[in-house]
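Novice: Provided herewith is a single structure, encoded as structure tokens, for subsequent inquiry.
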Ligand SMILES: Nc1ncnc2c1ncn2[C@@H]1O[C@H](COP(=O)(O)OP(=O)(O)O)[C@@H](O)[C@H]1O
Ligand SMILES: [Mg+2]
């Protein structure tokens, strides 16, 4: 059994509370985020295509994980594309691998392999959902081709759903004249915003409790400052809150107050 680091023990926690590895069942889903997940779920049921944008660290990839656990396993086959920075041929080869197919040599053969598989899934009443994370990095030649995949239909019914997730500049790219065919096929266009002040407090509480905290080690003033400093982006909250807990442990303090957090932020901005 691995023992928890000293700073974690100091705060009476079982594990570091702000780690990246959040179990699907432990995700923080206030009603505002639940609504975004519901819209994604609806789009998949309707066999539509979706786009979700938001600033770095607001929780987009975690929303995709929530989507995975909200969709019934029977009926949907989700495929997560890890690297969207590839050219068209390699993009389809990767898609083949993710689908458990053998990648073919030419772009046409790969495309055929993917569409054939999609059709088979359709016949088995499994709706394929392709999740393209960091989609603002997609090569233009992949974007040029995606509308063909998006338009891929059999018996008038779309055979797959595309879920494009990325930074707000994804919208700028999609609204370029060149991409208007694909853009017009994206039915649901969703945005994930930063946490509001009360969300930040709730998020911190949620994560420390899951790590076994008896009370909240962050005082109300510290939470206000944490929200300002992170602008409500969860990844920044995680980083700053962890630094603060470590500093509190070094100073043998039970609570993180505003002064402690100010020191942490000053030191952080020097790095
Ligand atoms: N719903 C959530 N529940 C719990 N933690 C979250 C949630 N969303 C984001 N986080 C935390 O914030 C970090 C960044 O989230 P992530 O989804 O990777 O952001 P993005 O994809 O928008 O850059 C995650 O590693 C996780 O620690
Ligand atoms: Mg992400």
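The values are calculated or read from the model by the stated rules, or taken from the named source; none is laboratory data. Everything numeric in this text was worked out from a predicted model, so none of it was measured. A quick note on method: Cβ atoms are made from the backbone with ideal geometry, for glycine too, and the neighbour counts reach across all protein chains shown.
Novice: Within segment 131-144, is there a residue that is over 28 Å from residue 173 (Cα atoms) and surrounded by fewer than 17 Cβ atoms within 10 Å (Cβ to Cβ)?
Specialist: Checking segment 131-144: not a single residue is over 28 Å from residue 173 (Cα atoms) and surrounded by fewer than 17 Cβ atoms within 10 Å (Cβ to Cβ).
Novice: Let me ask something additional. Answer yes if at least one residue in segment 75-89 is in the same structural domain as residue 136 (by TED's automatic domain parsing), more than 16 Å from ligand 2 (Cβ to nearest atom), in contact (Cβ under 8 Å) with a residue 40 or more places away in the chain and farther than 21 Å from residue 133 by Cβ, and no otherwise.
Specialist: Within segment 75-89, one or more residues are in the same structural domain as residue 136 (by TED's automatic domain parsing), more than 16 Å from ligand 2 (Cβ to nearest atom), in contact (Cβ under 8 Å) with a residue 40 or more places away in the chain and farther than 21 Å from residue 133 by Cβ.
Novice: Which of the residues belonging to segment 24-61 are in contact with a helix residue (DSSP H, G or I) (Cβ under 9 Å, 6 or more places away or on another chain) and free of Cβ contacts under 8 Å to residues at least 60 places away in the same chain? Before the answer, list the steps.
Specialist: Going residue by residue through segment 24-61, those that are in contact with a helix residue (DSSP H, G or I) (Cβ under 9 Å, 6 or more places away or on another chain) are 24-30, 32-34, 36-38, 40-41, 44, 48-54, 56-59.
24, 25, 27, 29, 34, 37, 38, 41, listed by residue number.
Novice: Kindly establish whether residue 151 is farther than 21 Å from residue 41 by Cα and either within 16 Å of ligand 1 (Cβ to nearest atom) or at pLDDT below 85 (or both).
Specialist: No, not satisfied.
Novice: So which of 78, 86, 101 ends up being more than 15 Å from ligand 1 (Cβ to nearest atom), part of a strand (DSSP E or B) and in contact with a helix residue (DSSP H, G or I) (Cβ under 7 Å, 6 or more places away or on another chain)?
Specialist: Exactly one residue qualifies, and that residue is 78.
Novice: Return yes when residue 58 is within 14 Å of ligand 2 (Cβ to nearest atom), assigned by TED's automatic domain parsing to the domain that holds residue 167, closer than 24 Å to residue 187 by Cα and part of a loop (DSSP other than H, G, I, E, B) and no when it is not.
Specialist: Numbers: within 14 Å of ligand 2 (Cβ to nearest atom): yes; assigned by TED's automatic domain parsing to the domain that holds residue 167: yes; closer than 24 Å to residue 187 by Cα: yes; part of a loop (DSSP other than H, G, I, E, B): yes.
Taking the combined requirement at face value, the residue satisfies it.
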